[in-house]
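Here is the structure we will look at.
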Amino acid sequence: MKNLMGGKSLSNRLARFFWAGAVVALVSGCAISSLGASAEDRVVARSGDFWAARTSGDYQKAYSFTTKGYRLVNDVEKYRLQYGAAPMLKNARLVSVECEPERCEVVKEFSTSSVFMRGTPIPISLSEIWLYQDGQWWLHIQ
């Protein structure tokens, strides 16, 4: 039965409205769930991405994780000169992450080796400070 609203029955319009609403709810739910990740989860992910860049020698990408304040004072070339060489770190392990509303401290353990002690892993513990600024977590370098 046709009606004055474009030839579609009321039940067809309601069904389309229902399915459109379901799709919007599903997409919104996915977006909200990724935004709803804890600060600890987001910082651990950013730290992992930072170390992936550092250990692969991608100093430009590693530099992009630093705070805006650091980048205002230090250009990418200065960062490269200080930190650009890919460290010989292996077996990264998260030890702890502790967050406050705008600051997180991440502690990781790595192992490395020395030419003087071939084959003997040397444990290293590193602490990172991440600051929440402008809607993102940034690595604070002193």
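Below is a table of values for the structure above.
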{"item": "Summed side-chain charge close to Pro101 - residues other than Pro101 whose Cβ falls under 14 Å, Lys, Arg +1, Asp, Glu -1", "result": "-3"}
{"item": "Burial order of peptide ranges 36-42, 61-67 (average beta-carbon count within 10 Å, highest first)", "result": "61-67, 36-42"}
{"item": "Cα-centred dipole magnitude for the range 56-142, charges only on beta-carbon of K, R (+1) and D, E (-1), debye, nearest 20", "result": "400 debye"}
{"item": "Positive-end residue of Cys99, Val73, Leu89, charge dipole of the range 59-142 with Cβ unit charges", "result": "Leu89"}
{"item": "Environment charge at Gln136 (Cβ cut-off 11 Å; Lys +1, Arg +1, Asp -1, Glu -1)", "result": "+2"}
{"item": "For peptides 74-80, 122-128, 48-54, sequence by mean Cβ density within 10 Å, most packed first", "result": "48-54, 74-80, 122-128"}
{"item": "Cα-based reach from Lys61 at 15 Å (exclusive), listing aspartates and glutamates while leaving out same-chain residues under 8 positions away", "result": "Asp49, Asp75, Glu77"}
{"item": "Cα-projected label distance for Ala52 with Glu98, points at 7 Å along beta-carbon direction, nm", "result": "2.8 nm"}
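All of the numbers you see were taken from the coordinates with simple rules; none came from a lab. It should be emphasised that the depicted structure is a prediction, and the values quoted were computed from it without experimental measurement. Glycine also receives a Cβ, built like all others from the backbone with ideal geometry; neighbour counts cover every protein chain displayed.
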